[in-house]
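The values are calculated or read from the model by the stated rules, or taken from the named source; none is laboratory data. These numbers were taken from a predicted model, which means no experiment stands behind them. We place every Cβ from the backbone using ideal geometry, glycine too, and count neighbours over all the protein chains shown. The area values use the complete protein model at the heavy-atom level, side chains included, leaving out ligands, DNA and RNA. Shrake-Rupley method; radii C 1.70, N 1.55, O 1.52, S 1.80 Å.
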Amino acid sequence: GCQDRSCYRHSNLYLSKCELIRFQPQPPHTYWYGGREWSCWDRLEMEAVSFDGQEMTVQEVLDWLQRTHGWTVTMLLCGHITLYDWKEDEETRTQQRAQRLSEKLQKPGEPRQQELELCYVCEEEDAETGDDRPPLLCYLP
């Protein structure tokens, strides 16, 4: 969407009071992450389609974040579901990296999701970072 605050100006005209009220939102909160300034309006977006036209695997997403932003991801989550965790044993990590993004998320009888919002934790992140990181939106084929 538009990141110019004037796009979100709002006006109210009260004819009975001969009053016009105009306002626009405050600037968004900004924070630093990965050597760059971000705001609540910012998102990382990716088409989660691999070279073969299939949905990307967790490893391909981890590689994309490393290649595009230089971030080494240690944990990848979708809501409360852990897609990847470097603290797991090697066999579990190998299985996690090989699975397709929505593999653990699909529930029987529900329509397939077309968009996922993923959270991630990167290597050497300090505890104060908290939720101050842009979400990763993955558009599935």
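The number of residues in region 24-39 that are open to solvent by 70 Å² or more (accessible area, probe 1.4 Å), part of a loop (DSSP other than H, G, I, E, B) and out of contact with any Ser or Thr (no Cβ under 7 Å at 6 or more places or on another chain) comes to 3.
Being open to solvent by 60 Å² or more (accessible area, probe 1.4 Å), within 24 Å of residue 54 (Cβ to Cβ) and in contact with a strand residue (DSSP E or B) (Cβ under 9 Å, 6 or more places away or on another chain) is the requirement here; does residue 112 meet it? Can you show your working first?
Values: open to solvent by 60 Å² or more (accessible area, probe 1.4 Å): yes; within 24 Å of residue 54 (Cβ to Cβ): yes; in contact with a strand residue (DSSP E or B) (Cβ under 9 Å, 6 or more places away or on another chain): no.
So residue 112 does not fit the description; no.
Please tell me if residue 42 is open to solvent by less than 30 Å² (accessible area, probe 1.4 Å), in a loop (DSSP other than H, G, I, E, B), over 15 Å from residue 121 (Cα atoms) and not aliphatic (A, V, I, L, M).
On the way: open to solvent by less than 30 Å² (accessible area, probe 1.4 Å): yes; in a loop (DSSP other than H, G, I, E, B): yes; over 15 Å from residue 121 (Cα atoms): yes; not aliphatic (A, V, I, L, M): yes.
Yes; evaluated as a whole, the condition is true for this residue.
Of the numbered criteria (1) farther than 25 Å from residue 41 by Cα; (2) in a loop (DSSP other than H, G, I, E, B); (3) touching an Asp or Glu at 6+ places or on another chain (Cβ under 8 Å), the one residue 93 fails is (2). Within region 101-109, is there a residue that is open to solvent by less than 70 Å² (accessible area, probe 1.4 Å) and within 26 Å of residue 3 (Cβ to Cβ)? Scanning region 101-109 turns up no residue that is open to solvent by less than 70 Å² (accessible area, probe 1.4 Å) and within 26 Å of residue 3 (Cβ to Cβ).
Checking the conditions here, which among 87, 104 is in a loop (DSSP other than H, G, I, E, B) and at pLDDT 90 or above?
Numbers: 104 fails: at pLDDT 90 or above.
It is 87.
Pairs linking a residue in region 6-17 that is among the hydroxyl-bearing types (Ser, Thr, Tyr) to a residue that is outside any loop (DSSP other than H, G, I, E, B) and surrounded by 10 or more Cβ atoms within 10 Å (Cβ to Cβ), with Cβ atoms under 9 Å and 6 or more positions apart or on different chains, are 11/20; 11/21; 11/23; 14/20; 14/21.
Quick grid of which residues meet (1) touching a residue at least 24 places away in the same chain (Cβ under 8 Å); (2) open to solvent by less than 70 Å² (accessible area, probe 1.4 Å); (3) within 28 Å of residue 39 (Cβ to Cβ):
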site: 59; (1), (2), (3): yes, yes, no
site: 62; (1), (2), (3): yes, yes, yes
site: 65; (1), (2), (3): yes, yes, yes
site: 84; (1), (2), (3): yes, yes, yes
site: 88; (1), (2), (3): no, no, no
site: 122; (1), (2), (3): yes, yes, yes
site: 133; (1), (2), (3): yes, yes, yes
site: 137; (1), (2), (3): yes, yes, yes
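If you filter region 45-57 down to residues that are open to solvent by 80 Å² or more (accessible area, probe 1.4 Å) and outside any loop (DSSP other than H, G, I, E, B), you find that the one that is nearest to residue 104 (Cα to Cα) is 47. Being in a strand (DSSP E or B) and within 15 Å of residue 134 (Cα to Cα) is the filter here, so list the residues in region 71-84 that pass it. Correct list: 73, 75, 76, 77, 78.
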